[in-house]
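To keep things clear, I will list the structure first and then write my remarks on it.
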Amino acid sequence: MRTVHTFRDARALGSGCVGLVPTMGYLHEGHISLVDAARRECDTVIVSLFVNPLQFAPTEDLASYPRDLERDAEMVEEAGADVLFAPQLEEMYPDKPLTTVAVDLVTEGMEGEIRPGHFDGVATVVAKLFAGIAPDRAYFGRKDAQQLVTVRRMTTDLSFPIVIVGEPIVRESDGLALSSRNTYLDPAERAAARSINRGINAVAEAIIAGERSGTELERIAATPVNDEPGIDLDYATLADQDTASALLDLDRPAFLAVAARVGRTRLLDNVHIDRIDGGWVPDAGIRLDGPSILYREA
């Protein structure tokens, strides 16, 4: 595997079908599942690692975001990537950008409402990665559901000749969706956070049983969180997979997204609902058998 720091070098190492896995580092099994998917489908796999300042609000602490390039490089190489693109800030933003990308409608609710400007930062950095590396396929996790909708719409609207692939959520053995933020939780906070997954599982069971009301599915997702001390629900929303707009009923491919705060940690989760062979099939992701590599150094 080669580690490079410029777009020019990353582009030069791509041959055949190029798959890109964009990350902000401090990798876990969720990221590795994306590398695995790219490895199965592409000739060259490039993993980018860049903590993007444009997607952090002034109230969010960019400096505290976990970083460990040596650790991540070892994991990426072990997973079978060909190239690690780890640019410095000056490579990504030589000057303060005067051009940014905003995707209307799909970014207005849920995370867009709570974190104004966040998705502009995401869309801008992904557009730069697409333009600078020119991959054929790009891989994103379904955990950040609204982000996935945003990237897909941006790719279509700007005519990037890139296939966007969304892969299932990877969960820890207790059901918590994998995130570097999980390492911030103390035992009591983690116990409270499990209520999110209980709601997600209840939604999946309700869909299989025939529930189609958006209001009822949202209530089912919210109830375990609202009943659990020490956790505060931001939202539980049934949304369209193509537009991220709220739905009154499950009548098209959708996801039910949940966001909640546990202490100082904010967690996101969702269940995607796909139309397969005429029926509604919930995709709540896959679980690890044991502890995540996030805790390997602990």
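The values are calculated or read from the model by the stated rules, or taken from the named source; none is laboratory data. A quick note: this is a predicted structure, and the numbers were derived from the prediction, not measured. Note that each Cβ is placed from the backbone with ideal geometry, even for glycine, and that neighbours are counted across all protein chains shown.
Values for this structure:
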{"read-out": "Any hit, the stretch 181-188, residues being at pLDDT below 95, touching a strand residue (DSSP E or B) at 6+ places or on another chain (Cβ under 7 Å) and either within 14 Å of ALA284 (Cα to Cα) or not in a loop (DSSP other than H, G, I, E, B) (or both)", "value": "yes"}
{"read-out": "Residues satisfying the stated conditions in the stretch 48-72, i.e. surrounded by fewer than 17 Cβ atoms within 10 Å (Cβ to Cβ), outside any loop (DSSP other than H, G, I, E, B) and either within 18 Å of the chain's Cα centre (by Cα) or of a type in the set (D, E, K, R) (or both)", "value": "PRO53, LEU62, GLU70, ARG71"}
{"read-out": "Entirely in the stretch 224-278, the strands (runs of 3 or more DSSP E) that have 1 or more residues that are out of contact with any Ser or Thr (no Cβ under 6 Å at 6 or more places or on another chain) and hydroxyl-bearing (Ser, Thr, Tyr)", "value": "232-240, 265-276"}
{"read-out": "Residue identified as modelled with pLDDT of 95 or more and charged (D, E, K, R) among LYS96, LYS128", "value": "LYS128"}
{"read-out": "Given (1) touching a strand residue (DSSP E or B) at 6+ places or on another chain (Cβ under 8 Å); (2) not in a helix (DSSP H, G or I), index of the condition GLU218 fails", "value": "(2)"}
{"read-out": "Residue list for the stretch 15-65, restricted to those being of a type in the set (Val, Ile, Thr) and in contact (Cβ under 8 Å) with a residue 24 or more places away in the chain", "value": "VAL18, VAL21, THR23, ILE32, VAL35, THR44, VAL45, ILE46, VAL47, VAL51"}
{"read-out": "Residue ranges of strands (runs of 3 or more DSSP E) in the stretch 76-180 with at least 3 members surrounded by 14 or more Cβ atoms within 10 Å (Cβ to Cβ) and over 17 Å from the mean Cα position of the chain (by Cα)", "value": "83-85"}
{"read-out": "The stretch 196-210, subset part of a helix (DSSP H, G or I), out of contact with any Leu (no Cβ under 7 Å at 6 or more places or on another chain) and without any contact (Cβ under 8 Å) to a residue 60 or more places away in the chain, residue farthest from SER179 (Cα to Cα)", "value": "ALA209"}
{"read-out": "Scope the stretch 248-289; condition without any contact (Cβ under 8 Å) to a residue 60 or more places away in the chain, farther than 26 Å from SER180 by Cβ and crowded, with 18+ Cβ neighbours inside 10 Å; matching residues", "value": "LEU250, ALA254"}
